[in-house]
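The structure appears right after this line, and notes come after that.
The values are calculated or read from the model by the stated rules, or taken from the named source; none is laboratory data. Since the structure is predicted, the reported quantities are computational estimates derived from the model, not experimental observations. A quick note on method: Cβ atoms are made from the backbone with ideal geometry, for glycine too, and the neighbour counts reach across all protein chains shown. These area figures cover heavy atoms from the full protein model, side chains too; ligands, DNA and RNA do not enter into them. Shrake-Rupley method; radii C 1.70, N 1.55, O 1.52, S 1.80 Å.
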Amino acid sequence: MNAPLTAYVTGIGLIAPGLPDWTTAAAVLRGEQPHVSAPTVLPVPELLPPAERRRASRVIKLSLGAGLDAVKQAGADASTLATVFAASGADGHNCHALCEQLAGEDRQISPTRFHNSVHNAAAGYWGIATRAMAPCQVIGAFDASFGAGLLDALAQVAVDGQPVLLIAYDSEYPAPLHAKRDTPDCGAVALLLSPGAEGALGAITVAPTTAAAEPLAEASLESLRGAIPAMRALPLLRRVARADAGAVVLDYLAPMQLQVAWQPC
Amino acid sequence: MKLYLNECGILCSLGASHGEIRRRLFAGESGIMATETWSAGRVLPLGRVTDALPDSGALPLHQRSRNNQLALAALAQIRPAVDATIARYGAGRVGVVLGTSTSGIAETERALRVHAEQGVLPDAFHYGQQEMGSPAEVLAAQLGITGPAYVHSSACASSAKAMASAARLIRMNLCDAVVTGGVDTLCAFTVAGFSALESVSAARCNPLSVHRDGINIGEGAALFLMSREPAAVALCGWGEASDGHHMSAPDPAGGGARIAIEAALRRAGIEAAQVDYINLHGTATPANDAAEGKAVAALFGDRVPGNSTKGATGHTLGAAGAIEALVCAMALTDGRLPGSPGTGALDPSIPIRYQLHGEDASLRHALSNSFGFGGSNCSLVLGVAQ
């Protein structure tokens, strides 16, 4: 018997090409302004100590920025939150630089580059920035990473009865790897999921389905949805922005998709 | 709801079958051998899998990697039981949740080497080979599983966290059974990386010794079939916490480690005194062993025997959590504490009861620690089923 997973959403963050924050994205999703394609703008990670802030990579700025926006919207305390980071790749530029160096004779790689190459580097920097000691999950599932992260986050909310911040993010690879994985730019979505309704924007209920995922009518948004794995969340966010109760089907892991019902509070 | 480990498949430097690894582990043997393969000009002790692996020619291009071959070799050991489980519950009710830190990055290394020489990436390379999610995808595809399939990648805590995540899926009734565990592969990336951090020992590793000076990297895979169906060994509890301290150095006070251990004991519903064996993360770096030792001493004093088995298998990074959970399961079912091959004079500043040699013992509960980069801490409690 399938038990649907449910939680309240108390905060949202979003950073994507032409959508520098959730406020802008919500206005675009409501049709109040057009989506103007532009390179992703990454915020400066103020919360990191100066040395780490200077060296912060694109994925660090991306994940920290989107996550902190969701936390701020909810008025929550980041240091208390359990987190789920979901990404297809990690830091493509860093990975490329290391592999390129290893392709030669020089094995003296930078220790900082190495510890920044792990899939959970963004999560590690989040912990350093926010001093959070709660559990942190770091998930990878290729194009299905958002869905996998959402399932794990909702399961944690239910099992542990605590809020969980989901940060799904993806970034690009430089040439020549870019030809083999052509994610165009950085994109991230963050959802603060809570067991309680207090201060919530609405409730989501998720169940697996074999129904097909719905494309977005707006061509440039549909293009984002397909090109950046974290943006598989866009159809849900469209309902949220419009305070439009109902269900959407999100691409997850074929042949399984995720049906997500949204009920505004 | 109790969760059980119904079947286990494993390969590592000690061997390519449950029986062979168990025999060699309890005989105090080590699979670590010196080689220059990933460090030309510098001989390093590494825990290599030397057994033949299933041919990957039949796999689609995007799934071809040594990492996936290791995972499939472990799967082969438990395949009939997994197939029967899928037939029983349905393909949509079985999941795959694995841990890995390397995935197929070794294939990307090779591809960029070709690119450096020839100016093009080889046709044999596909991005999917290095994708973190690849091991879960290949197992799901081989088994025809349509339930949740994903990977946890938190460095050395990966596969312990994967097992906790699998438990949550069953708890939440999203799955009736999950193929869980982890896999990691030796590669230039990790050998050069840990060397750059000065974490690698040029000699056999010496966990919790006063002379310890670093890790011996290893590779391998361990898979479990986890479900509510009673079996000899149960996953009684898990606990997770973050350090929030530094990317590559653990919190020296062992704070996050302690929180993870306490959470695991609480979820298992047991007191520290009820733990009969602790499989330490025990990497043999000065920092890890000291920090972990602080946490363990604070909770268990010198009463509970514990050790690191990384002197037997090597530090298998993303696979360590699962491989060492399986070591705990072997200890529980055999009624025997493993020893700690390679450990010499103990560090007197770590006041825990360190088990140097194998010993018969009646064991009810075992604790397994996995503490990774980025301050990711996970502890598992396994127990003999009642």
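Going by Cα centres, segment B:189-245 and segment B:329-368 are how many Å apart?
Distance between centres, Cα-based: 16 Å.
Can you give the three extents of the C-alpha atoms in chain A along their principal axes, from longest to shortest, in whole Å?
So the three principal-axis extents are 58, 40, 39 Å.
Keeping every protein chain present and rolling a 1.4 Å probe, give me the accessible area per residue for segment A:22-83 in Å².
I get 51 Å² per residue for this part.
Can you give me the Cα centroid spacing of segment A:110-142 and segment B:23-86 in angstrom?
Segment A:110-142 and segment B:23-86 have Cα centres spaced 27 Å from each other.
I'd like to compare B:311-318, B:344-351: which one has the highest average count of other Cβ atoms within 10 Å, and what's the full order after that?
B:311-318, B:344-351
Quantify, in whole percent, the carbon and sulfur part of the accessible surface of segment A:208-252 (1.4 Å probe; protein heavy atoms only).
51 percent
Over 27 Å between Cα atoms: which of B:2/B:294; B:161/B:310; B:161/B:294 fall into that group?
From B:2/B:294; B:161/B:310; B:161/B:294, over 27 Å: B:2/B:294.
In chain B, which helices (entire DSSP H runs) extend 18 Å or more along their own long axis, judged by Cα positions, while averaging at least 0.0 on the Kyte-Doolittle scale?
Helices passing the filter in chain B: B:66-89, B:158-171, B:255-268, B:286-300, B:320-334.
Among the trypsin sites (Lys or Arg not before Pro) within segment B:285-386, which fall in a DSSP loop and have no more than 12 other Cβ atoms within 10 Å of their own Cβ?
The qualifying sites are B:303.
Considering every pair of different Cα atoms, what Kirkwood radius, in Å, is found for chain B?
Over chain B, the inverse of the mean reciprocal pair distance is 20.3 Å.
Note down the magnitude of the dipole of segment A:6-112 about its Cα centre, charges +1 on Lys and Arg C-beta and -1 on Asp and Glu C-beta and zero elsewhere, to the nearest 20 debye.
120 debye
Which of B:273, B:375, B:358 sits closest to the plus end of the dipole of segment B:253-378, meaning its Cα is farthest towards the positive end, when Lys and Arg get +1 and Asp and Glu get -1 on the C-beta?
Result: B:375.
Please work out the average accessible area per residue across segment B:40-137, using the 1.4 Å probe convention, and give it in Å².
Ligands and nucleic acids excluded, the result is 38 Å² per residue.
What are the residues whose amide H is under 5 Å from the amide H of residue B:149, where those residues sit 5 or more places off or on another chain and H is modelled from the backbone?
When sequence neighbours closer than 5 places are left aside, the close amide H contacts are B:96.
Under the definition of partner shielding as Cβ atoms of other protein chains within 10 Å of a residue Cβ, what is the mean value for peptide A:249-262?
Average per residue, whole number: 2.
Please give every one of the lysines within straight-line cross-link reach of residue A:61, meaning a C-alpha to C-alpha distance under 18 Å, and leave out same-chain neighbours fewer than 8 residues apart.
Output for residue A:61: A:72.
Which residues' amide hydrogens lie under 5 Å from the amide hydrogen of residue B:30, considering only partners 5 or more residues apart or on another chain, with H built in the peptide plane?
The list, which skips near neighbours in sequence, is empty: none.
What average count of beta carbons from other chains do you get within 10 Å of the Cβ of residues in B:90-99?
Average per residue, whole number: 2.
For segment A:199-232 and segment A:45-67, write down the distance between their C-alpha centroids in whole Å.
Taking the Cα centre of each part, segment A:199-232 and segment A:45-67 sit 27 Å apart.
Given a 1.4 angstrom probe, I'd like the percentage of the accessible area of chain B that is carbon and sulfur, rounded to a whole number.
So the carbon and sulfur contribution to the accessible surface is 51 percent.
Placing +1 at every Lys and Arg Cβ and -1 at every Asp and Glu Cβ, with all other atoms neutral, what dipole size does the protein assembly as shown have around its Cα centre, in debye to the nearest 20?
Numbers: 45 positive and 56 negative charges, 134 e Å.
Result for the protein assembly as shown is approximately 640 debye, rounded to the nearest 20.
Expressed as a rounded percentage, what relative contact order does chain B have, with Cα pairs under 8 Å and six or more residues apart?
Relative contact order comes out at 23 percent.
Packing-wise, with mean Cβ within 10 Å as the measure, how do B:156-167, B:76-87, A:157-168 rank, highest first?
B:156-167, A:157-168, B:76-87
Given the -39500 (n - 2.57) contribution per DSSP H run of 4+ residues, what per-residue ellipticity at 222 nm results for the protein assembly as shown, rounded to the nearest 500 deg cm²/dmol?
Values: 19 runs with 218 residues, N = 651.
Roughly -10500 deg cm²/dmol at 222 nm, from the helical runs in the protein assembly as shown.
Taking both sides together, what accessible area is buried at the B/A interface, probe 1.4 Å, expressed in Å² and rounded to the nearest 100?
Summed over both sides, the interface buries about 5000 Å².
Indicate, rounded to the nearest 5 percent, the antiparallel portion of the DSSP beta bridges found entirely in the protein assembly as shown.
Details: 79 of 108 bridges.
Bridges in the protein assembly as shown are about 75 percent antiparallel.
Looking at A:110, A:203, A:163, which one has the Cα that reaches farthest to the positive end of the dipole of chain A (charges on Cβ: Lys, Arg +1; Asp, Glu -1)?
So the residue furthest toward the plus end is A:110.
If I take the Cα coordinates of the protein assembly as shown and project them onto the principal axes, what are the three extents in Å, biggest first?
The Cα atoms of the protein assembly as shown stretch 71, 58, 50 Å along the principal axes, largest first.
Provide a whole-number value for the mean count of partner chain Cβ atoms within 10 Å of the Cβ atoms in peptide B:182-190.
The shielding value for this peptide is 2.
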